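To start, the structure itself, in structure tokens.
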Ligand code: 13P
């Protein structure tokens, strides 16, 4: 049985006090969330230590939004996978389209980040997804397939077992446009089929999350699809009530 996961990517939002309050709000509402749904919150780096403390003793897991592609040393401004682990992070989002687009992340950097995250006991939430023009040209399967093969196919099966995949069509991120449940299911099934080529039956154990304007009003339908195992939530994760509502819609 693969894990059901609802993860909140706060992106560059909230000040420290707001972030701590938000995390407490999520923890306070946990009782109403089905016990088989894992909640993950990924605040900005500056909040991790305080948020870890705020959610201590609850089943909410902590994630980071990125990590360095180097182990340690003279890399001004970077935060290593080991540092994230030292503040109790369990997850790290890697390959988000915003990092690929605005910060030039490519397959080389992502391959290094994946290895470091896994060596340090973090579960990467590895993001893939096509741009609007790629979907309109009918190239979405090629684009997503290439993103998977260039990074995930370099992992061992043991490493892959700790990875979560997130499909986030770039045209649906922060736009209010969501992939329809059938569009999302179609590409999630494709992702699983692609993973099966390399990892065989393990592909059926990998959680594949949907991201892109997922909100309380559409989460239920998306999560009812056979290959959608939860969501990676941006905007709607900034309100504890909405985030919990999404998790409850499972
Ligand atoms: P939105 O939910 O704001 O569209 O963001 C999705 C996302 O990018 C999560 O990583």
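Rule-based calculations on the coordinates, nothing more; no lab input. In this text the structure is predicted, and so the values were computed from the model without any measurement. All Cβ positions, glycine included, derive from the backbone under ideal geometry; neighbour counts span all protein chains shown.
Side notes on the structure shown:
- Averaged over residues, the count of other Cβ atoms within 10 Å places the peptides 159-168, 141-150 in the sequence 159-168, 141-150, highest first.
- For the range 98-214, the calculated P(r), taken from all Cα-Cα distances in 10 Å bins from zero up to the bin holding the longest distance, is 13, 47, 33, 6 percent.
- Over the range 121-250, relative contact order from alpha-carbon pairs under 8 Å, at least 6 apart, %: 24
- The chain - percent relative contact order, Cα under 8 Å, separation 6 or more: 22
- Computed over the range 1-74: relative contact order in percent, which uses C-alpha pairs under 8 Å that are six or more apart: 37
- Tail weight of P(r) past 31 Å, computed on alpha-carbon pairs of the chain, percent: 17
- Computed P(r) (all Cα pairs; the range 9-87; 5 Å bins; percent): 3, 15, 25, 22, 17, 10, 5, 2, 1, 0
- Pairs of Cα atoms farther than 18 Å apart, the range 133-186, %: 43
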